[in-house]
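So the structure is just underneath, and the comments pick up after that.
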Amino acid sequence: MVKVIKIFYTSDIHGSDVCFKKFINAASFYDVDVLILGGDITGKMIVPIIERSNGCFETNFLGKRVVLSGEEDVKRLEQKIRDAGFYPYRTNLQEIKKLKEDEKMLNELFSRLMVESVEKWIIFAENKLQKLKVKCFIMPGNDDQFIIDSILNNSKIIINPESKVIKIDDEHEMISTGYANITPWRCPRDIEEEELAKKINNMVSQVENMKNCIFNFHCPPYGTTLDLAPKLDETLKPIVSGGSFIMEHVGSKSIRKAIEEYQPLLGLHGHIHESRGVDNIGRTICLNPGSEYTEGILRGIIVVLNKEKIKSYYPVSG
């Protein structure tokens, strides 16, 4: 019997506590050999929970004003906030005033909450996976700050595959990067196409068997069904025509060129939440699971590989 390897791939959970736990639990739930989280793992925003003089707490969450009076109610809301990908923070009106006036103080708070969250995730992952024969790869994406890299790199179980050539089994190598071409938001790991091409080519030069290689690139290739996103105006708002968003290709041209030239077995991508699907570039099958992290839904793809080909692939969610 030909040996197969089963991979669970997902991306863009953006701080969602419940989605990360689902990702780790996917190892046993789907009985896979490899877990891959392909970037954009941290949250985007702090949600302040303000303590009032009467002992109640007040916040604005998902556009709604919420008033809470008991500790258990506050804890439940904090978990809802974490599951939606945000960072809850208990505070008071005096501190809120200082944070609004001091951008450095606000940035330091955001970084601290982000680091604390990722550290807790790694502990959770290590406890869950330490007795399982599962390889787990988690890399930062273009949206993630560099401050989290050392947390991933210091884990004894989690592997940060960024810029590495890794043998996931005896037959298949994987090269990975969470960097992306320049976006309108100028994220921490947005770089020019020329620099991205250099990163890719440096890894490619070390691959022994390109025919069986996996390109784990956070950004999808340009001009595919995987990189369509709403076109934005100068204020970064989506442009609407006839009641529908105008869509445009926003993926990486250097990633597309690399796939066209080297024709790996498989491309794993994320980055564009709206573009869940599959596309082919020559012999290479490229996949994007999409993302619905704000709803607490983990979108993923199961890929089954044998020695020289993709035996099957199918989307999963939950």
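Quick look at the values:
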| item | result |
| --- | --- |
| Subset of the stretch 25-41 that is surrounded by fewer than 24 Cβ atoms within 10 Å (Cβ to Cβ) and in contact (Cβ under 8 Å) with a residue 60 or more places away in the chain - its residue that is farthest from ASP169 (Cα to Cα) | ASN25 |
| Subset of the stretch 228-275 (residues that are among the charged types (D, E, K, R), out of contact with any strand residue (DSSP E or B) (no Cβ under 7 Å at 6 or more places or on another chain) and closer than 16 Å to TRP185 by Cα) | ASP233, GLU234, LYS237 |
| Subset of the stretch 159-201 that is in contact with a Leu (Cβ under 8 Å, 6 or more places away or on another chain) and polar (S, T, N, Q) - its residue that is surrounded by the most Cβ atoms within 10 Å (Cβ to Cβ) | THR177 |
| Residue satisfying all of: in the stretch 66-79; more than 25 Å from the chain's Cα centre (by Cα) and under 16 Å from ILE46 (Cβ atoms); least open to solvent (accessible area, probe 1.4 Å) among these | VAL74 |
| Check on LYS156, surrounded by fewer than 21 Cβ atoms within 10 Å (Cβ to Cβ), more than 20 Å from ALA26 (Cβ to Cβ), basic (Lys, Arg) and in contact with a strand residue (DSSP E or B) (Cβ under 8 Å, 6 or more places away or on another chain) | no |
| In the stretch 225-250, the residues that are farther than 24 Å from LEU305 by Cα and part of a loop (DSSP other than H, G, I, E, B) | ASP227, LYS231, ASP233, GLU234, THR235, LEU236, LYS237, ILE239, GLY242, GLY243, ILE246, VAL250 |
| Filter result (open to solvent by 80 Å² or more (accessible area, probe 1.4 Å) and assigned to a helix (DSSP H, G or I)) within the stretch 108-144 | GLU108, ARG112, GLU119, LYS120, ILE123, ASN127, LYS128 |
| Enumeration of residues in the stretch 50-63 that are in a strand (DSSP E or B) and either free of Cβ contacts under 8 Å to residues at least 40 places away in the same chain or closer than 17 Å to SER117 by Cα (or both) | PHE57, GLU58, THR59, ASN60, PHE61 |
| Any chance GLY15 is part of a loop (DSSP other than H, G, I, E, B) and farther than 30 Å from HIS273 by Cα | no |
| Single residue of the stretch 80-97 satisfying the filter (part of a helix (DSSP H, G or I) and under 15 Å from GLU108 (Cα atoms)) that is most open to solvent (accessible area, probe 1.4 Å) | GLU95 |
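For every residue, the table says whether it meets (1) touching a Cys at 6+ places or on another chain (Cβ under 9 Å); (2) under 19 Å from GLY178 (Cα atoms); (3) at pLDDT below 95.
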site: LEU226; (1), (2), (3): yes, yes, no
site: PRO230; (1), (2), (3): no, no, no
site: ILE239; (1), (2), (3): no, no, no
site: ILE259; (1), (2), (3): yes, yes, no
site: GLY267; (1), (2), (3): yes, yes, no
site: SER275; (1), (2), (3): no, yes, no
site: GLY282; (1), (2), (3): no, no, no
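The values are calculated or read from the model by the stated rules, or taken from the named source; none is laboratory data. The structure presented is a predicted model; accordingly, all values stated were derived computationally and were not measured. Cβ coordinates were reconstructed from backbone atoms using ideal geometry, including for glycine residues, and neighbour counts include every protein chain displayed. The accessibility values were calculated without ligands, DNA or RNA, using every heavy atom of the protein model including side chains. Shrake-Rupley method; radii C 1.70, N 1.55, O 1.52, S 1.80 Å.
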